[in-house]
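J.: My questions all concern the structure below.
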Amino acid sequence: MSPRRPNRRPALPAPERLTDRDLKTWQRTTMLARVALIHEAERIARMGGGMLAAFAALVAAEKAGKLAPDTQRAAEQANARAGETRGLSVTSLRRWCKAYEGAGRNPLAVAPRPSPREQTLPPPWLADFMDFYAIPSKPSIARTVREIEKQRPELSLPPLRTIQHAIKALPAIERMRGRMGPRALRQIKAFVRRDVSQLWPTAVYSTDGHTHHASVAHPIHGKPFRPEITSTIDIVTRRITGWSVALAETTWGTIDALRHAFTTSGIPDIWYVDRGKGFNNAVFDDALTGLLARFDVTKETSLPYRSQARGTIERFHQVWIEASRFSPTYAGHDMDAEARKRIDTAIKADIEETGRSDLLQSWDDFLVWCGEIVADYNARPHSGLPKIADATGKRRHMSPDEVWADFRAKGWEPDIMEFEEADAAFRPQTTRQVRRGEIQLFTNRYFAMDLEDFHEIEVLVAYDIHDASKVWVSTRDGRFICTANWHGNSVSYFPRPCSTRLMKSASTAASSGWTPGGRRWRPSGRRRCWRSPPRRPSRSGWSGRRRCWTWWPIRRPRPPPTPATLSIRTPGRRGFRATSRWRPGSTRTSTA
């Protein structure tokens, strides 16, 4: 079956009345020439004789060549016919004047109609052809013609060159509709440019992440990987206000980029991001503990799949891509596959031999490189900024740093956060309930005596993602309570002198080869231990039980016991050995 599209486009009907937008240049020129002749005939008629006499006088003067130059040129253009023998006639002038007066003196009434060859109506075969041509696989016109001949032999198509000319004459959007999806079609559709002339620096920040297009050495294991770079740009000045680098795409990388922006360039009024998980979560959006609520920042998100709306930050990703092209480990889609394989093989061999590779950029060098790229971008002229005359008199665009400095020179100052405030302000927060002075957070337990009065009350808990030894506790209205320490109420199960004594005795026993149960341990394949021989049955029961020393074979040799876990071997009935495990500071348990 033929790949029919669900919504088949009907052919456009011919317009009943022409509009000024439908006219071509030659039609508009002919229309204005006819209107000029009508106005000239009316001028002659006002002198006496009427319109018919005026039309006859115009025709006679045109044939004798006695018309004014402008009127003579209008008479040549009014007929809309090729050749040098074109001339006026009384019949044509009467027809034009009647149509002009009948349309309320509308000039479009005397505009010539296009010839049949100039009709803009689609040909009758075009809709059927587009059913095979306008599909996502994008077949060629020649291949589509062959497919139609196989599946629709009754369909009559013009020659191939005629079809190619008709497809090329279609508007770009109509030509690609069906061959491109709705999101891809936006690349060729009209768009709206946003004006920032009424805004000021730090009015709008935009943040987005970008996976680096080159491999660097991992800071932990040294193997190649591609880090995630998060950038924050000021919409008005096009200046990069903050950036951060993370091992992967995480929310904490975004938080660090905002911290950098807040402490170096100022706090924004609006934060414009996409709808990704890294920007839309409780860490940012919670009305009580969210990061944006603490700084009174309004978050605005673009529509789904509308990256063009955030073109300012999306365009900046090309700066990272172009800069990474000079790295030997560049991994863009246009990198030569043979060269990439050769470099990957060399890196793998270097790592297997020495644990590192000189082809990989180290993590510290990569951070320095990122800072240099941002500084170079901020100091370079930007095509989206106003022009100025430099010291040499040459006009050029301003750089982001120059626009930023110009606003500060006019009296504007950013609301910059101090580093000491940012250390506490950028700690993530969450709500937890206090139970008997303890707070449970991420499988960790924190305690402080000051929390005893807040039993079964929800509090705000701020934590440091790099230091889990303590948390900062506040009331829901932001009043600081205390600092709770990890396992702050944990003590030794036994008094310390007793635990120390047991540890020393256990260490002595292990070193001498004796277990706490008094049995000698031998690390050989046989062990001398107590064994009870089988008892003899009697009228009164089992009797004749007698213990003796014997050699007991060991099936699996075991390592010597340690003070942390000591194994106690005891004799059992009929060769079964009971095993007890003892740990310093714990009770003694036995498993058979």
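J.: So for each of 48-54, 71-77, 194-200, 361-367 I average, over its residues, the number of other beta carbons within 10 Å; can you give me the resulting order with the highest mean first? Can you show the working numbers first?
T.: Values: 48-54: 13.4, 71-77: 17.6, 194-200: 11.1, 361-367: 15.6.
Highest to lowest by the protection proxy: 71-77, 361-367, 48-54, 194-200.
J.: Then there's this: 5 Å is the cut-off here: which amide hydrogens, built 1.01 Å from N in the peptide plane, fall below it relative to residue 241, excluding neighbours closer than 5 in sequence?
T.: Here 232, 233, 234 satisfy the definition.
J.: Around residue 378, under 13 Å between beta carbons, what's the net of Lys plus Arg minus Asp minus Glu among the other residues?
T.: That sum, taken over residues with Cβ under 13 Å, equals -2.
J.: List, in order, the whole-Hz ³J(HN,Hα) value for each residue of segment 326-335 obtained from phi through the Karplus relation with A = 6.51, B = -1.76, C = 1.60 and θ = phi - 60°; use x for Gly and Pro.
T.: Along segment 326-335, the couplings run 8, 8, x, 9, 4, 10, x, 5, 9, 6 Hz.
J.: In whole Hz, with x marking every Gly and Pro, tabulate ³J(HN,Hα) for segment 386-402 from phi via Karplus 6.51 cos²θ - 1.76 cosθ + 1.60, θ = phi - 60°.
T.: Along segment 386-402, the couplings run x, 9, 9, 9, 7, 5, 8, x, 7, 7, 8, 6, 6, 8, x, 5, 5 Hz.
J.: Report the local net charge at residue 160: Lys and Arg +1, Asp and Glu -1, summed over other residues whose C-beta lies under 13 Å from its C-beta. Please list the in-between numbers first.
T.: Working: positive: 143, 146, 161, 168; negative: 149.
Result for the neighbourhood of residue 160: +3.
J.: Hey, any idea what % of segment 204-389's accessible area is carbon plus sulfur with a 1.4 Å probe?
T.: Ligands and nucleic acids excluded, carbon and sulfur reach 52 percent.
J.: Compare the Cα positions of 130, 156, 187 along the charge dipole of segment 122-188 (+1 at Cβ of Lys, Arg; -1 at Cβ of Asp, Glu; about the Cα centre) and return the one farthest towards the positive end.
T.: 187
J.: Ok, one more. Mind checking which aspartates and glutamates have their Cα closer than 20 Å to the Cα of residue 189? Skip sequence neighbours fewer than 8 apart in that chain.
T.: Once the sequence-local aspartates and glutamates are set aside, what remains near residue 189 is 174, 314.
J.: Moving on. On average, how much accessible surface per residue is there in segment 427-486, in Å², for a 1.4 Å probe, leaving out ligands, DNA and RNA?
T.: 60 Å²
J.: Averaged per residue, what accessible area in Å² does segment 266-394 show with a 1.4 Å probe, protein chains only?
T.: Accessible surface, normalised per residue, equals 59 Å².
J.: Cβ under 12 Å from residue 230's Cβ, residue 230 left aside: what net charge do those residues give with Lys, Arg +1 and Asp, Glu -1?
T.: Net of charged neighbours comes to -3.
J.: Carbon and sulfur: what percent of segment 427-486's accessible surface (1.4 Å probe)?
T.: On the way: 1620 of 3590 Å².
Answer for segment 427-486 is 45 percent, counting heavy atoms of protein chains only.
J.: List the pairs from 223/299; 299/410; 277/410 whose alpha-carbon separation is above 31 Å, in the order I gave them.
T.: Those over the limit are 223/299; 277/410.
J.: So, one more: Amide H neighbours of residue 299 under 5 Å, counting only residues 5+ apart in sequence or on other chains, H built in-plane at 1.01 Å?
T.: For residue 299, whose amide H was placed from the backbone, the distant partners under 5 Å are 271.
J.: In whole Hz, what ³J(HN,Hα) sequence does segment 353-370 give by Karplus (6.51, -1.76, 1.60; θ = phi - 60°), x for Gly and Pro?
T.: Using θ = phi - 60°, the values come out as 8, 10, x, 8, 9, 6, 6, 8, 6, 5, 5, 5, 5, 5, 5, 5, 4, 4 Hz.
J.: Please list, in chain and number order, the residues 5+ apart from residue 445 or on another chain whose amide H is under 5 Å from its amide H, with Hs placed from the backbone.
T.: 487
J.: Restricting to segment 204-389, compute how many DSSP beta bridges are antiparallel as a %, nearest 5. Don't skip to the answer; put the middle values down first.
T.: Values: 16 of 24 bridges.
Of the beta bridges lying entirely in segment 204-389, close to 65 percent run antiparallel.
J.: Based on the Cβ-Cβ distance of residue 22 and residue 151, what FRET efficiency does E = 1/(1 + (r/R0)^6) give at R0 = 30 Å, to the nearest 0.05?
T.: After rounding to 0.05, the efficiency reads 0.20.
J.: If you wrap a convex hull around the alpha carbons of segment 122-188, what volume per residue comes out, as a whole number of Å³? Write down the numbers at each step before the final one.
T.: On the way: hull volume 5.5 nm³, N = 67.
Dividing the Cα hull volume of segment 122-188 by its residues yields 82 Å³.
J.: Over segment 75-230, give the accessible area per residue in Å² for a 1.4 Å probe, as an integer.
T.: On a per-residue basis, segment 75-230 sits at 60 Å².
The values are calculated or read from the model by the stated rules, or taken from the named source; none is laboratory data. Not measured: the values here are computed from a predicted model. FYI the Cβ positions are ideal-geometry reconstructions off the backbone, even for glycines, and counts take in every protein chain you see. Accessible surface areas use protein heavy atoms only, side chains included; no ligands, DNA or RNA. Shrake-Rupley method; radii C 1.70, N 1.55, O 1.52, S 1.80 Å.
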